[in-house]
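The values are calculated or read from the model by the stated rules, or taken from the named source; none is laboratory data. This structure is a prediction, so every number in the text was calculated from the model and none was measured. Here Cβ is always computed from backbone atoms with ideal geometry, including for glycine, and neighbour counts include all displayed protein chains. Just the protein is used for accessible areas: all its heavy atoms, side chains included, with ligands, DNA and RNA removed. Shrake-Rupley method; radii C 1.70, N 1.55, O 1.52, S 1.80 Å.
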Amino acid sequence: HIGMDFWCDAGTAVIAPLDGTIHSFQDNEGFGNYGPTIILEHIYNEKTFYTLYGHLSRQSLKNLAFGQIIEAGYKIGVLGSPKVNGDYAPHLHFQVIEDLQGFSGDYPGVVSKVDLDSYLKNCPDPELLLKLRG
């Protein structure tokens, strides 16, 4: 698992932690998948990176547009129920990604042990951004 999970009730608001734009979004349907997912693109000190928000409600994908500007603190969606989020208990899968490697609206959040090192190099610990541990 290469992201950070936040276990909350379905319908809990998901807030953008920093300014960005909508890179992509899609409903990754099916058991064990993200369900509705949004990826934001961010530029900081001339470096581009991405944040992924998985397990959202289908309503979260309505009225989005590619390139739409999102300001820090903006409610980008709400958490989905198990029937739309891959059959998981409601939670947010949050992930920081340096290079999307051609993905759009999706990016692996769980990888095999063989591939773990390369994915961890591309997906830094979200704590570096969120600073939740003090």
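When the GluC sites (Glu not before Pro) in the range 1-91 are filtered for DSSP coil states and for at most 15 other beta-carbon atoms within 10 Å of their beta-carbon, the remaining sites are E29, E46, E71. For the range 97-121 versus the range 24-52, the spacing of their alpha-carbon centroids is 12 Å.
Our estimate of slack between S104 and I69, defined as 0.36 nm per intervening residue step minus the Cα-Cα distance, is 10.9 nm. Over the chain, what is the mean sequence separation of C-alpha contacts under 8 Å (at least six apart), divided by residue count, expressed as relative contact order in percent? That works out to 33 percent. Modelled spin-label separation between K113 and A13, with each label point placed 7 Å from Cα along the Cα-to-Cβ direction: 4.3 nm. For the range 1-64, the per residue solvent-accessible surface stands at 51 Å², with DNA, RNA and ligands left out and a 1.4 Å probe. May I have the count of lysine pairs in the chain with C-alpha atoms under 18 Å apart, counting pairs 8 or more residues apart or located on different chains? Lysine pairs satisfying the spacing and distance rule in the chain number 4. 3J(HN,Hα) couplings calculated from phi for the range 4-12 with the Karplus curve 6.51 cos²θ - 1.76 cosθ + 1.60 (θ = phi - 60°) are, in sequence order, 10, 9, 10, 8, 9, 5, 4, x, 5 Hz; Gly and Pro show x. Rolling a 1.4 angstrom probe over the chain with all protein chains present gives an accessible area of which 53% lies on carbon and sulfur atoms. Mean separation of Cα pairs under 8 Å and 6 or more residues apart, divided by the residue count, gives the range 1-70 a relative contact order of 32 percent.
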